Amino acid sequence: MSLIIFLSSGLFLGWSFGANNAGNVFGTAVGSKMVSFKVAAVVTSFFLILGSYVSGAGATRTLGKLGSVNEIGGAFIVALAAAVAIFWMTRINLPVSTSQTIVGSIIGWNFFSGSITDYESLMKIVSSWVVAPVIAGLFAVLINSIVRRLLRRVKIHILYFDFYNRIGLIIVGGFGAYSLGANNIANVMGVFVPVAPFRPIETIIGTISGNEQLFILGGIAMAVGVCTYSAKIMQTVGNNIIPLTPLTALVVVFSSSSVLFLFSSQNLERFLAGMGLPTIPLVPISSAQAVVGAIIGIGLYQGGGGMNFRLLGKIASGWVTAPVLACLISFVSLFIIQNVFNQPVYRPVKFNMSSDVERRLVTEGITFLAMDQFVDKEFSTAVEFRQALKTHAPDLEVWDMNRVVELSELRNIIVNTEIIQYEIDEGWFTPEQAGILKELNGRSFNYSWELRDELEKLSPAWRMKKNTPQGRHFNRDMISKLDYLYKKFWVIK
């Protein structure tokens, strides 16, 4: 019962997302009267769930790095704060970036728990907010230009053109909904991935992992939001920024959907890596910004006349306000839940640079003048530890300082293969990997990196591959397995 209560905030966030962001997929089609709201709602709902289930894992990894919410009570508040911020924006009929609000919520949790915000992941996500609308705008201009040139050469009867345009909007809208679910389920359920206790289940279509169960639940919640509360947002996106013809509506949906797909497709990433080409980072991007970027691109291409710049300013201010509001709600709510309702919202993590950590740092070439002063000195939070390093070890570079903090994180890890027996039986671990884990059964480690080193020492099956495009996919899967083991074998003293 408690699990359902905690997950309810994620489901509320999913509902809010569906209510607010469905307009990003079918808003232009509904606004231009080419597709009815009922058809748009049904198509969007189906493909949102499908995209969440099939391709939702890619963008979730980057969001998880931003701040690893390690207690389900904390995940409840993080999702609830984002949902409240989005619901408020939905009430005033403004499309808001879900990725921005959930990032704001996670940062609020980081502040409250004394955790360090991973600024590398944050910059990767924030940069996508800038790049995505620009790419969508360029796509829209390019595609619009190509389509218009083709139509000048190929004469299509107006009735056939109208029919093809409607079918095209539905097909492209389905693609957009799939991409939306794949890219943004990380925003809806990503914070629950490290703490949800779901185990894989067997079905007639195969094994559904615990994460996939989360993604399906989130997809259903988004679909309910689409069907119950998205009509007004569709009108805002579809009509009010700039008048759109049926053809430009089709171009906008396809352009924004393509951008969402680029930033969420694991298969595309593997294809590019296999060809030796640079890969596109899998990050949750703002569907609202992608759509608005495509609309602005079309508007500027047509000369900028008729664009509602006042509404654009209002939407942009909402994009700034929502994450700040979510951060504040998250921080205050975490304080209330922990101190008034006595519910744990984060799992305390201490830091101790032991002699073992010191030796490991030296092997990695990381040393600093005040190193001896920190040996066996314990710190209660990552922020406290990093502040002490900044004060007493000014010769440390930022990356090296983060590495010192990472290696010093204390974990009481005890290998217990019984609690991962299902995953072993289902073949998630290779036979060689499972054999090594059984060999280590009962062993304890103070730091997560000690377990990883021991696994790598005992078998090449646990070793990373070279950082080549071909090896990155394997390494990412390996990191997922290791993170899962760290979570499962972590015993609270």
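What follows draws every value from the coordinates through simple rules; no lab data is involved. If you're wondering where the values come from, they're calculated on a predicted model, not measured in any experiment. For neighbour counting, all protein chains shown are included, and Cβ atoms are generated from backbone atoms with ideal geometry for every residue, glycine included.
The table for this structure:
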{"quantity": "28 Å Cα-Cα threshold exceeded, pairs from Lys155/Lys232; Lys438/Lys487; Lys124/Lys232", "calculated": "Lys155/Lys232; Lys124/Lys232"}
{"quantity": "Other-chain or far-sequence residues with amide H under 5 Å of Met353's (modelled H)", "calculated": "Asp376, Lys377"}
{"quantity": "Separation in nanometres of the label points that stand 7 Å from Cα toward Cβ, at Glu406 and Lys350", "calculated": "2.4"}
{"quantity": "Cut-off under 5 Å, modelled amide H: who pairs with Arg443 long-range", "calculated": "Val415"}
{"quantity": "FRET efficiency estimate (nearest 0.05) - Cβ-Cβ, Ala316 to His392, R0 35 angstrom", "calculated": "0.25"}
{"quantity": "Cut-off 17 Å, label 7 Å out along Cα→Cβ of Gln302, residues of the stretch 249-264 by amide N", "calculated": "249-256"}
{"quantity": "Hull-based mean projected area of the stretch 360-493, where the convex hull spans the alpha carbons, in square nanometres", "calculated": "9.5"}
{"quantity": "Net length gained if the chain between Ile167 and Glu202 were fully extended (0.36 nm per residue, minus Cα distance)", "calculated": "8.9 nm"}
{"quantity": "Exposure proxy order (Cβ contacts within 10 Å, fewest to most) of Arg403, Arg463, Arg360, Arg310", "calculated": "Arg310, Arg463, Arg403, Arg360"}
{"quantity": "For the stretch 351-407, diffusion coefficient by Stokes-Einstein and Kirkwood Rh (Cα), 25 °C, 0.890 mPa s, µm²/s", "calculated": "222"}
{"quantity": "Under Karplus coefficients 6.51, -1.76 and 1.60, residue-wise ³J(HN,Hα) of the stretch 373-378 in Hz, glycine/proline x", "calculated": "5, 9, 5, 6, 9, 9"}
{"quantity": "Cα Rg over Rh - the chain, Kirkwood", "calculated": "1.01"}
{"quantity": "Which of Val375, Val25, Val251 has the fewest Cβ neighbours within 10 Å, and the rest in rising order", "calculated": "Val375, Val251, Val25"}
{"quantity": "Neighbour-count ranking [beta-carbon atoms within 10 angstrom, fewest first] of Ser448, Ser113", "calculated": "Ser448, Ser113"}
{"quantity": "Computed over the stretch 79-187, Kirkwood Rh from alpha-carbon pairs, angstrom", "calculated": "17.4"}
{"quantity": "Peptide ranges 128-139, 252-263, 160-171 listed from the most packed, as the mean C-beta count within 10 angstrom indicates", "calculated": "252-263, 128-139, 160-171"}
{"quantity": "Angstrom value of the Kirkwood radius, inverse mean 1/r, which spans all Cα pairs in the stretch 413-489", "calculated": "12.8"}
{"quantity": "Computed lengthening from Lys487 to Ser209, 0.36 nm per intervening residue step minus Cα-Cα distance", "calculated": "98.5 nm"}
{"quantity": "Tail beyond 16 Å, pair distance distribution of the stretch 1-51 (Cα, percent)", "calculated": "49"}
